[in-house]
1. Under 7 Å between Cβ atoms, which residue pairs at least 6 apart in sequence (or on different chains) link something in region 161-175 that is under 15 Å from V202 (Cα atoms) and aromatic (F, W, Y) with a partner that is surrounded by 12 or more Cβ atoms within 10 Å (Cβ to Cβ) and at pLDDT 75 or above?
2. Within region 25-106, which strands (runs of 3 or more DSSP E) (wholly inside it) include 2 or more residues that are closer than 18 Å to Q7 by Cα?
3. Looking only at region 24-49, count every residue that is in contact with a Lys or Arg (Cβ under 7 Å, 6 or more places away or on another chain) and surrounded by fewer than 16 Cβ atoms within 10 Å (Cβ to Cβ) and tell me the total.
4. Within region 118-132, identify whether any single residue is assigned to a loop (DSSP other than H, G, I, E, B), surrounded by 15 or more Cβ atoms within 10 Å (Cβ to Cβ), out of contact with any strand residue (DSSP E or B) (no Cβ under 8 Å at 6 or more places or on another chain) and not assigned by TED's automatic domain parsing to the domain that holds V202, and answer yes or no.
5. What is the number of the single condition among (1) under 25 Å from the mean Cα position of the chain (by Cα); (2) touching a residue at least 24 places away in the same chain (Cβ under 8 Å) that F17 does not meet?
6. Restricting the search to region 91-117, which residues are surrounded by 13 or more Cβ atoms within 10 Å (Cβ to Cβ), closer than 18 Å to A155 by Cβ and out of contact with any Gly (no Cβ under 9 Å at 6 or more places or on another chain)?
7. Would it be correct to say that R4 is surrounded by 13 or more Cβ atoms within 10 Å (Cβ to Cβ), outside any loop (DSSP other than H, G, I, E, B) and in contact (Cβ under 8 Å) with a residue 60 or more places away in the chain?
8. Check whether at least one residue in region 185-192 is loosely packed, with under 13 Cβ neighbours inside 10 Å and either part of a strand (DSSP E or B) or not charged (D, E, K, R) (or both), and report yes or no.
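The values are calculated or read from the model by the stated rules, or taken from the named source; none is laboratory data. Note that the coordinates shown come from a computational prediction; the quantities given were computed from them, not determined experimentally. Cβ placement follows ideal geometry from the backbone for every residue including glycine, while neighbour counts extend to all protein chains displayed.
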Amino acid sequence: MEFRLDQGEERDFRDLFKPPFSWSHVRRDEEMRHWRVLTEEPKLVRLMHKSGAVALLTCDGDRATSVDLVQGPEAEPIVRRHAFQADAALKARFSQAFAPGRPATEAARLLGSGTTALETGPNRATWRTAEGPVIEAELDGDRVRTARLLTGGDALDRIREAAVERRWSVPAFPGGPLNARNSHEVTLFLDVMQATRLDSRVVGPELQVLVPRPERFDPKDLRTNASSDLPFR
């Protein structure tokens, strides 16, 4: 989550939440599909956009008299505190669906529509529920060994981790990994590929670099051999 609206979304926000207005009327607007109600108090309604931006509606009864848009670092604490909460009904469905020994795919199906997989693996799987909280399960084969329901900031952190994992889940480079001896060789490789650095991370002793793969790139364009002073071997 970037916790920020883009230019078009902010324009839509200004058009939708133009005070004063009837909150009960606006909440039925089709554009509200991008927003989720976090809390409703007598004089304050908190909303979260799919991007993580937050809208604060000051209300007098059903009449919204002012609207504040909170974005960026200021929005995250509000999201961590009020978003991804589980009500009693979700907790009950979770306890029933994710009983130990149940096949994981069946458990996710029993939880209800809108449950989407964040990560699947041989020993662990995670799902995001339609309501927002995250389920993390430890597996024995394809069956649930233990499971827990993550809410609030814990759910947000797990959603972020899953997004990073998906970002780095890329096909293997043809011919195997190409190892550089220093950062200058990495730069030369990017120049040969005519690619830009999207991201980098440290995994153990390695620095890994994520780049887009140009459609016309041919690995044969890298002419290297063991006796050369070229960067990749």
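1. Close Cβ pairs satisfying both conditions: W168/L210.
2. 44-49, 54-60, 63-70
3. The qualifying residues number 1.
4. Looking for residues that are assigned to a loop (DSSP other than H, G, I, E, B), surrounded by 15 or more Cβ atoms within 10 Å (Cβ to Cβ), out of contact with any strand residue (DSSP E or B) (no Cβ under 8 Å at 6 or more places or on another chain) and not assigned by TED's automatic domain parsing to the domain that holds V202, one finds at least one in region 118-132, hence yes.
5. Result: F17 passes all but (1).
6. K91, F94, F98, A107, A108, L111, G112, T115, A117
7. no
8. No, the conditions are met nowhere in region 185-192.
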